[in-house]
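Novice: Sending over a structure as structure tokens; questions will come in a sec.
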Amino acid sequence: MNLKAYLETKRTLVERALGHYIPAQNGPSTLLQEAMRYSLLAGGKRIRPILHLASVEACGGKPETCLGFACALEMIHTYSLIHDDLPAMDNDQLRRGKPTNHVVFGEAMALLAGDGLLTEAFRVIAQEALEGGMEPLRVLRAILELAAAVGPQGMVGGQAADILNEGKVVDADTLAFIHTRKTGALIRASVLTGGILAGASGELLENLAKYGEALGLAFQIRDDLLNEEGDPARLGKAVKTDQARGKATYPGLFGVEQSRDRLKSLVDQAVEALGVFGPGAEPLREIALYVASRDH
Ligand code: GRG
């Protein structure tokens, strides 16, 4: 298959739907809406919604019915980036090749833009489920997975541990704790919820969870490596910031070579988990290989 064309088609679909769900607005909330749209529509790979749609396809579902859920994943991801860039967290000036949200709109508006996107994500899921007549129990299960993945037991918990461990020498277990939650949990949920909404069997869901877990950790290890040795122009953000901030990273703890080996073995694990799927899982397979080699 042509992965580049596949990613481009899905990205365009998601891009258009995001603009529709969070439209430009006139009125008292204009600036807030502008701040939300500024980061949401600033580009980005859209890998989480694409993984979700690919997972729906792999399980024989209809991706067009899950576009709202896919966009919700991207809204949550974008909120996390806006908050992560704030002066109280990583204090970054550049994201997706543009000045960060707080640099343009100020800290208060950036905080609220993140809050707005997080809340809108769950509104969009509920609205699309009602209007599309989706199976209620499947939607509830998917919401449970998503909320658990991004709450204190997942992404927000991982971010807290990341910040609390800044400047400390962490062990391998702590590093895995941070990475699987901060980044891995939302990626795992993006994949798993696709299977849930498509009505996949228990065996398929178990394997989607294994795939998502391995891929989520692989994604963050690649992110660590790119922070160490990537091209800032290609990445659209600063590099070598992790070391300067005393962040817990794979290359920091294990070195670049061992991190690359771990990345490769995680991608192998992810691909292996897809063994029970038919040819419909080809995009998921290709995306796993792409994650290991991505340059941005
Ligand atoms: C609740 C106050 C508060 C803050 C939450 C949870 C959180 C802050 C931040 C999440 C942590 C985070 C930003 C992890 C990094 C994940 C990561 C690898 C981001 C980059 O994702 P890509 O490469 O980026 O998919 P694009 O721009 O392509 O979408």
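Computed from the coordinates by the stated procedures, all read-outs in this text should not be read as laboratory data. As the structure is a computational prediction, the values presented were derived from the model and not from experiment. Because the Cβ atoms are built from the backbone with ideal geometry, glycine has one as well, and the counts that use them run over all protein chains shown.
Novice: Quickly estimate the mean residue ellipticity at 222 nm for the chain, helices only: each DSSP H run with n ≥ 4 gives -39500 (n - 2.57), and the total goes over all residues, rounded to 500.
Specialist: -22500 deg cm²/dmol
Novice: Can you tell me the order of 268-275, 237-244, 167-174, 184-191 when each peptide is scored by its average per-residue count of other Cβ atoms within 10 angstrom, highest first? Working shown, then result.
Specialist: On the way: 268-275: 17.5, 237-244: 14.8, 167-174: 11.5, 184-191: 26.9.
Ranking the peptides 268-275, 237-244, 167-174, 184-191 by packing returns 184-191, 268-275, 237-244, 167-174.
Novice: Which of the helices in the chain, when you take each full DSSP H run, stretch at least 24 Å along the axis at their Cα atoms and have an average Kyte-Doolittle score of -1.0 or higher?
Specialist: Working: long enough: 3-21 (27 Å, -0.44); 67-85 (27 Å, 0.58); 107-131 (35 Å, 0.65); 202-229 (40 Å, -0.24); 256-273 (26 Å, -0.65).
Those that pass (Cα extent of 24 Å or more, hydropathy at least -1.0) are 3-21, 67-85, 107-131, 202-229, 256-273.
Novice: For the range 53-124, just the Cα set please: Rg and Dmax, both in angstrom.
Specialist: So, for the range 53-124, Rg and Dmax equal 14.9, 45 Å respectively.
Novice: Under unit Cβ charges (Lys, Arg +1; Asp, Glu -1), what dipole magnitude, rounded to 20 debye, does the range 112-248 have relative to its Cα centre? Write out the running numbers ahead of the final one.
Specialist: On the way: 14 positive and 19 negative charges, 32 e Å.
In debye, rounded to 20, the range 112-248 gives about 160.
Novice: Now a separate question. Over the Cα atoms of the chain, what radius of gyration and what Dmax do you get, in Å?
Specialist: When restricted to the Cα atoms of the chain, Rg and Dmax are 18.3, 54 Å.
Novice: Once you have the Cα-Cα distance between residue 88 and residue 294, take 0.36 nm times their residue separation minus that, and quote the gain in nm to one decimal. Please report the intermediate quantities before stating the final value.
Specialist: Values: separation 206, 0.36 × 206 = 74.16 nm, distance 2.91 nm.
Taking 0.36 nm per residue and subtracting the Cα distance, the gain is 71.2 nm.
Novice: What number do you get for the range 159-296 when its Cα radius of gyration is normalised by 2.2 N^0.38 Å, N = residues?
Specialist: Numbers: Rg = 15.6 Å, N = 138, 2.2 N^0.38 = 14.3 Å.
Rounded to two decimals, the normalised Rg is 1.09.
Novice: Sticking with this one: Once the dipole of the range 90-129 is set up with Lys and Arg at +1 and Asp and Glu at -1 on Cβ about the Cα centre, which of 104, 125, 114 lies farthest towards its positive end?
Specialist: In the range 90-129, that residue is 104.
Novice: Under 24 Å from the Cα of residue 264, which lysines turn up, not counting those fewer than eight places away in the same chain?
Specialist: Of all the lysines, those that pass the test against residue 264 - Cα under 24 Å, at least 8 places apart if same chain - are 4, 45, 182, 210, 240, 247.
Novice: Sticking with this structure for a sec: Starting from the Cα of residue 34, step 7 Å along the direction of its Cβ; do the same at residue 261; then give the gap between the two resulting points in nm.
Specialist: In this crude label model, residue 34 to residue 261 measures out at 5.3 nm.
Novice: About the Cα centre of the chain, how large is the charge dipole given +1 on each Lys and Arg Cβ and -1 on each Asp and Glu Cβ? Please answer in debye to the nearest 20.
Specialist: Working: 31 positive and 37 negative charges, 82 e Å.
It works out to roughly 400 debye.
Novice: Relative contact order, percent, of the range 161-264 when contacts are C-alpha pairs under 8 Å separated by at least 6 residues?
Specialist: Details: 108 pairs, mean separation 34.3, N = 104.
Once divided by the residue count of the range 161-264, the mean separation gives 33 percent.
Novice: Once amide H atoms are placed 1.01 Å from N in the peptide plane, what residues at a sequence separation of 5 or more from residue 94, or on another chain, have their amide H within under 5 Å of its amide H?
Specialist: The list, which skips near neighbours in sequence, is 100, 238.
Novice: Here is a follow-up. When only Cα pairs under 8 Å and 6 or more residues apart are kept, what is the percent relative contact order across the chain?
Specialist: Details: 440 pairs, mean separation 62.0, N = 296.
Relative CO of the chain lands at 21 percent.
Novice: Express the relative contact order of the range 117-196 as a whole percentage, based on alpha carbon pairs under 8 Å and six or more residues apart in sequence. It would help to have the intermediate numbers written out before the result.
Specialist: Numbers: 53 pairs, mean separation 27.8, N = 80.
Across the range 117-196, relative contact order equals 35 percent.
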